[in-house]
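> The structure follows.
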Amino acid sequence: MESKAAAGKLTSEELAAIEDEEVLNKMMDTAADFEERRLIRAALRDLLKRKRDKREQDRGSRQQDLKEQVLSRAGTPGGGVGTGNTAAKQQTATKKPPGQLPPSAGGPAARSAASVQKCPSAAAPNAKNVKQMLLDWCRAKTEPYEGVNIQNFSSSWKDGIAFCALVHRFFPDAFEYSTLNPYEPRENFQLAFSTAERLAGCPPLLDPDDLVRMSEPDWKCVYTYIQEFYRCLVEKGLVKTKKRF
């Protein structure tokens, strides 16, 4: 299949049948013809979109299951569901001493529901210093890249280009940075996160669709993801340091 690609004979239909992202990336690296690279890139983007849609579908199913569990727990006796005198009796029966939260306010159901939309905590001792050091590290690693100007962990990352530049710095053969479009943030997020997951073992803690819905990314979420990416690079020996952000 690669020999056909080298000869420029693969059609878009044949490329679309390839389900292995790594195969397409290797074909992209060896392709010499511009039109051939365009077709391979289009096939790669379609493949990434199909994978993203599948993850979104799976995530939606998991969130629906979680909501049903929360509603089921809330509907049990003492969970705060009832009408008329029954509800009043339940509230009286479940009164707690001052300072202790009732089940409906602080029980497992409420904690589960609240955790669905929360990003991992970025709080840590000397968090301000650690945050600045990690920001400086990101700025230093992406300094040579056109279109990247990292000043914070929020607006500087909103088009996905900074994520791509940081990943590309450590995996320059994974994709062509020069072809990225800042007006396609979803594709940029997806490319950066999937490459980091495949080559660095970094879990995709951020969701591209959530990010594009925001006017600016939540800095805690971005900060937490970059911390995890850094740790993965250290574990693989790609960052030579004893520091752990």
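The values are calculated or read from the model by the stated rules, or taken from the named source; none is laboratory data. These numbers come from a predicted model, not from an experiment. We place every Cβ from the backbone using ideal geometry, glycine too, and count neighbours over all the protein chains shown. The protein model used for the area step is the full one, side chains on, heavy atoms only, and it has no ligands, DNA or RNA in it. Shrake-Rupley method; radii C 1.70, N 1.55, O 1.52, S 1.80 Å.
> Quote to one decimal, in nm, the extra length available between F171 and T11 on full extension: 0.36 nm per residue of separation minus the C-alpha distance between them.
54.8 nm
> Continuing with the same structure: Calculate, in nm to one decimal, what R45 and D29 gain on full extension: separation in residues at 0.36 nm each, minus their alpha carbon distance.
Working: separation 16, 0.36 × 16 = 5.76 nm, distance 1.54 nm.
Length gained between R45 and D29: 4.2 nm.
> Something else about it: Normalised by the empirical 2.2 N^0.38 Å for globular proteins, what value does the Cα Rg of the stretch 127-236 take? Show your work: numbers first, answer last.
Details: Rg = 12.6 Å, N = 110, 2.2 N^0.38 = 13.1 Å.
Here the Cα radius of gyration is 0.96 times the empirical estimate.
> Now a separate question. Kindly write out, for the stretch 198-207 in residue order, the coupling ³J(HN,Hα) from the Karplus curve 6.51 cos²θ - 1.76 cosθ + 1.60 (θ = phi - 60°), rounded to whole Hz, with x marking Gly and Pro.
Using θ = phi - 60°, the values come out as 6, 9, 10, x, 7, x, x, 6, 10, 10 Hz.
> Could you go through the stretch 160-177 in sequence order and give the Karplus-derived ³J(HN,Hα) for each residue, using 6.51 cos²θ - 1.76 cosθ + 1.60 with θ = phi - 60°, rounded to whole Hz, and x for Gly and Pro?
Once θ is set to phi - 60°, the couplings for the stretch 160-177 become x, 5, 5, 4, 5, 5, 5, 5, 5, 4, 9, 9, x, 8, 6, 7, 8, 5 Hz.
> Note down the magnitude of the dipole of the stretch 12-63 about its Cα centre, charges +1 on Lys and Arg C-beta and -1 on Asp and Glu C-beta and zero elsewhere, to the nearest 20 debye.
Using only the charged Cβ atoms, the result is roughly 480 debye.
> Provide Rg over Rh for the stretch 12-63; use the alpha carbon set for both Rg and the Kirkwood Rh (inverse mean inverse pair distance).
Ratio of gyration radius to Kirkwood radius for the stretch 12-63: 1.12.
> May I ask you to give the percent of accessible area on the stretch 12-63 that is carbon plus sulfur, with a probe radius of 1.4 Å?
So the carbon and sulfur contribution to the accessible surface is 52 percent.
> Return the sequence-ordered ³J(HN,Hα) values of the stretch 139-148 in whole Hz as given by the Karplus equation 6.51 cos²θ - 1.76 cosθ + 1.60 applied to θ = phi - 60°, using x for Gly and Pro.
5, 5, 6, 9, 4, x, 8, 5, x, 10
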